[in-house]
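Report on the following structure.
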(Lines give C-alpha, C1' and ligand atoms only; values in the text may rest on other atoms or scores of the structure.)
Protein backbone atom coordinates (compact mmCIF):
# COMPACT_ATOMS: atom_id res chain seq x y z
CA UNK A 1 0.00 0.00 0.00
CA UNK A 2 1.44 3.27 -1.13
CA UNK A 3 0.71 6.09 1.36
CA UNK A 4 1.30 9.65 0.15
CA UNK A 5 3.05 10.56 3.45
CA UNK A 6 5.66 7.84 3.12
CA UNK A 7 6.69 8.87 -0.38
CA UNK A 8 10.12 10.59 -0.42
CA UNK A 9 9.27 12.76 -3.42
CA UNK A 10 6.30 14.30 -1.58
CA UNK A 11 8.49 15.30 1.38
CA UNK A 12 11.10 16.85 -0.93
CA UNK A 13 8.37 18.80 -2.74
CA UNK A 14 6.93 20.05 0.58
CA UNK A 15 10.42 21.09 1.78
CA UNK A 16 11.13 22.99 -1.48
CA UNK A 17 7.77 24.77 -1.30
CA UNK A 18 8.38 25.76 2.33
CA UNK A 19 11.82 27.16 1.41
CA UNK A 20 10.35 29.17 -1.46
CA UNK A 21 7.55 30.56 0.73
CA UNK A 22 10.00 31.33 3.57
CA UNK A 23 12.40 33.10 1.17
CA UNK A 24 9.60 35.17 -0.35
CA UNK A 25 8.32 36.12 3.11
CA UNK A 26 11.84 37.10 4.22
CA UNK A 27 12.36 39.31 1.16
CA UNK A 28 8.96 40.94 1.64
CA UNK A 29 9.60 41.74 5.31
CA UNK A 30 13.15 42.98 4.76
CA UNK A 31 12.12 45.42 2.02
CA UNK A 32 9.06 47.31 3.29
CA UNK A 33 7.35 49.34 0.59
CA UNK A 34 6.33 52.26 2.78
CA UNK A 35 9.68 53.00 4.42
CA UNK A 36 10.67 56.65 4.70
CA UNK A 37 13.45 57.87 2.44
CA UNK A 38 16.70 58.88 4.10
CA UNK A 39 16.67 62.57 5.06
CA UNK A 40 18.73 64.86 2.88
CA UNK A 41 21.21 66.95 4.87
CA UNK A 42 21.64 70.57 3.98
CA UNK A 43 25.24 71.54 3.31
CA UNK A 44 26.76 72.99 6.47
CA UNK A 45 27.58 76.67 6.25
CA UNK A 46 29.78 78.29 8.91
CA UNK A 47 30.46 81.98 9.42
CA UNK A 48 33.15 83.07 11.85
CA UNK A 49 33.34 86.50 13.44
CA UNK A 50 36.52 87.64 15.19
CA UNK A 51 35.85 89.56 18.40
CA UNK A 52 37.88 92.20 20.13
CA UNK A 53 40.19 91.00 22.92
CA UNK A 54 38.03 92.53 25.66
CA UNK A 55 34.67 91.29 24.30
CA UNK A 56 32.92 88.39 25.99
CA UNK A 57 31.72 85.85 23.39
CA UNK A 58 27.99 85.09 23.21
CA UNK A 59 26.80 82.66 25.85
CA UNK A 60 29.68 83.23 28.26
CA UNK A 61 28.84 84.90 31.57
CA UNK A 62 29.45 88.65 31.52
CA UNK A 63 31.60 88.30 34.65
CA UNK A 64 34.01 85.82 33.00
CA UNK A 65 37.20 86.19 35.05
CA UNK A 66 40.73 86.62 33.79
CA UNK A 67 43.99 86.83 35.68
CA UNK A 68 45.91 90.04 35.96
CA UNK A 69 48.43 90.06 33.13
CA UNK A 70 46.64 87.45 31.01
CA UNK A 71 46.36 88.06 27.28
CA UNK A 72 43.68 87.06 24.83
CA UNK A 73 45.15 84.97 22.02
CA UNK A 74 41.90 84.22 20.16
CA UNK A 75 38.34 85.41 20.63
CA UNK A 76 35.66 84.46 18.09
CA UNK A 77 32.18 83.11 17.39
CA UNK A 78 31.23 80.65 14.66
CA UNK A 79 27.60 80.23 13.61
CA UNK A 80 26.15 77.49 11.45
CA UNK A 81 23.10 77.56 9.21
CA UNK A 82 21.41 74.98 11.50
CA UNK A 83 21.36 77.35 14.50
CA UNK A 84 24.44 76.22 16.38
CA UNK A 85 26.87 78.68 17.88
CA UNK A 86 30.43 78.02 18.97
CA UNK A 87 32.00 80.72 21.12
CA UNK A 88 35.72 80.42 21.84
CA UNK A 89 38.07 82.47 23.99
CA UNK A 90 41.74 81.46 24.25
CA UNK A 91 43.80 83.23 26.91
CA UNK A 92 47.14 82.97 28.67
CA UNK A 93 47.47 82.12 32.35
CA UNK A 94 50.39 82.37 34.76
CA UNK A 95 49.11 79.24 36.51
CA UNK A 96 50.14 75.69 35.60
CA UNK A 97 47.52 73.86 33.50
CA UNK A 98 45.73 71.99 36.31
CA UNK A 99 45.43 75.12 38.49
CA UNK A 100 44.20 77.17 35.53
CA UNK A 101 41.68 74.46 34.68
CA UNK A 102 40.44 74.27 38.27
CA UNK A 103 40.10 78.08 38.37
CA UNK A 104 37.68 78.06 35.41
CA UNK A 105 35.88 74.85 36.43
CA UNK A 106 35.13 76.41 39.84
CA UNK A 107 33.92 79.61 38.17
CA UNK A 108 31.57 77.79 35.80
CA UNK A 109 30.22 75.56 38.58
CA UNK A 110 29.18 78.82 40.26
CA UNK A 111 27.30 79.63 37.04
CA UNK A 112 25.23 76.39 37.30
CA UNK A 113 27.35 74.26 34.97
CA UNK A 114 27.81 70.61 35.90
CA UNK A 115 30.72 68.30 35.09
CA UNK A 116 34.41 68.94 35.38
CA UNK A 117 37.85 67.43 34.99
CA UNK A 118 38.17 64.65 32.41
CA UNK A 119 41.03 62.40 33.50
CA UNK A 120 41.02 60.21 30.39
CA UNK A 121 41.30 63.25 28.09
CA UNK A 122 43.97 64.93 30.24
CA UNK A 123 47.01 62.94 29.27
CA UNK A 124 48.54 64.44 26.15
CA UNK A 125 51.65 66.54 26.84
CA UNK A 126 50.40 67.77 30.22
CA UNK A 127 47.16 69.10 28.77
CA UNK A 128 44.24 69.27 31.21
CA UNK A 129 40.64 68.98 30.00
CA UNK A 130 37.22 69.61 31.56
CA UNK A 131 33.81 69.13 30.03
CA UNK A 132 30.80 70.84 31.52
CA UNK A 133 27.15 71.31 30.64
CA UNK A 134 24.26 73.61 31.47
CA UNK A 135 21.00 72.66 29.83
CA UNK A 136 21.85 71.96 26.20
CA UNK A 137 24.98 74.13 26.28
CA UNK A 138 28.24 72.20 26.22
CA UNK A 139 31.46 73.79 27.53
CA UNK A 140 34.95 72.42 27.02
CA UNK A 141 37.93 73.88 28.88
CA UNK A 142 41.43 72.91 27.73
CA UNK A 143 44.51 74.12 29.61
CA UNK A 144 47.82 73.42 27.88
CA UNK A 145 51.32 74.04 29.24
CA UNK A 146 53.14 76.98 27.68
CA UNK A 147 56.46 76.93 29.52
CA UNK A 148 57.74 78.15 32.91
CA UNK A 149 54.68 76.93 34.84
CA UNK A 150 52.29 78.98 32.69
CA UNK A 151 49.50 77.75 30.42
CA UNK A 152 47.10 78.64 27.64
CA UNK A 153 43.41 78.13 28.44
CA UNK A 154 40.85 77.60 25.71
CA UNK A 155 37.17 78.00 26.64
CA UNK A 156 34.78 76.68 23.98
CA UNK A 157 31.01 76.86 24.38
CA UNK A 158 28.70 75.12 21.91
CA UNK A 159 25.06 76.09 22.09
CA UNK A 160 21.89 76.42 20.12
CA UNK A 161 21.56 80.02 19.06
CA UNK A 162 18.29 81.87 19.34
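The values are calculated or read from the model by the stated rules, or taken from the named source; none is laboratory data. If you're wondering where the values come from, they're calculated on a predicted model, not measured in any experiment. Glycine gets a Cβ as well: all are built from the backbone with ideal geometry, and neighbour counts include every protein chain shown.
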Residue 101: passes all of (1) surrounded by fewer than 17 Cβ atoms within 10 Å (Cβ to Cβ); (2) at pLDDT 90 or above; (3) more than 30 Å from residue 43 (Cβ to Cβ); (4) in contact with a strand residue (DSSP E or B) (Cβ under 8 Å, 6 or more places away or on another chain) but (1)
Within segment 117-145, considering residues that are buried (at least 16 other Cβ atoms within 10 Å of the Cβ) and over 16 Å from the mean Cα position of the chain (by Cα), the one modelled with the lowest pLDDT:
122
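From the list 154, 162, exactly one residue is modelled with pLDDT under 90 and either touching a strand residue (DSSP E or B) at 6+ places or on another chain (Cβ under 6 Å) or exposed (fewer than 15 other Cβ atoms within 10 Å of the Cβ) (or both). Which is it?
On the way: 154 fails: modelled with pLDDT under 90.
Of the residues listed, the single one that is modelled with pLDDT under 90 and either touching a strand residue (DSSP E or B) at 6+ places or on another chain (Cβ under 6 Å) or exposed (fewer than 15 other Cβ atoms within 10 Å of the Cβ) (or both) is 162.
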Determine which single condition residue 95 fails, assuming it passes every other condition in (1) within 11 Å of residue 141 (Cβ to Cβ); (2) modelled with pLDDT of 90 or more; (3) touching a helix residue (DSSP H, G or I) at 6+ places or on another chain (Cβ under 7 Å).
(1)
If we ask which residues in segment 79-92 are in a loop (DSSP other than H, G, I, E, B) and either buried (at least 19 other Cβ atoms within 10 Å of the Cβ) or modelled with pLDDT of 90 or more (or both), their number turns out to be 0
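Which strands (runs of 3 or more DSSP E) does segment 94-162 wholly contain that include 1 or more residues that are on the phi > 0 side of the Ramachandran plot? Write out each step before concluding.
Details: elements: 114-117, 128-134, 137-145, 151-160.
Hits in segment 94-162: 114-117.
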Among the residues of segment 43-73, which ones are out of contact with any helix residue (DSSP H, G or I) (no Cβ under 9 Å at 6 or more places or on another chain) and in contact (Cβ under 8 Å) with a residue 40 or more places away in the chain?
57, 58, 59, 60, 73
Check whether at least one residue in segment 42-59 is at pLDDT below 90, in contact with a strand residue (DSSP E or B) (Cβ under 9 Å, 6 or more places away or on another chain) and surrounded by 10 or more Cβ atoms within 10 Å (Cβ to Cβ), and report yes or no.
no
Can you find a residue in segment 70-78 that is closer than 20 Å to residue 108 by Cβ, at pLDDT below 90 and assigned to a loop (DSSP other than H, G, I, E, B)?
no
Pick out the one residue from 95, 71 that is buried (at least 17 other Cβ atoms within 10 Å of the Cβ) and under 24 Å from residue 147 (Cβ atoms).
95
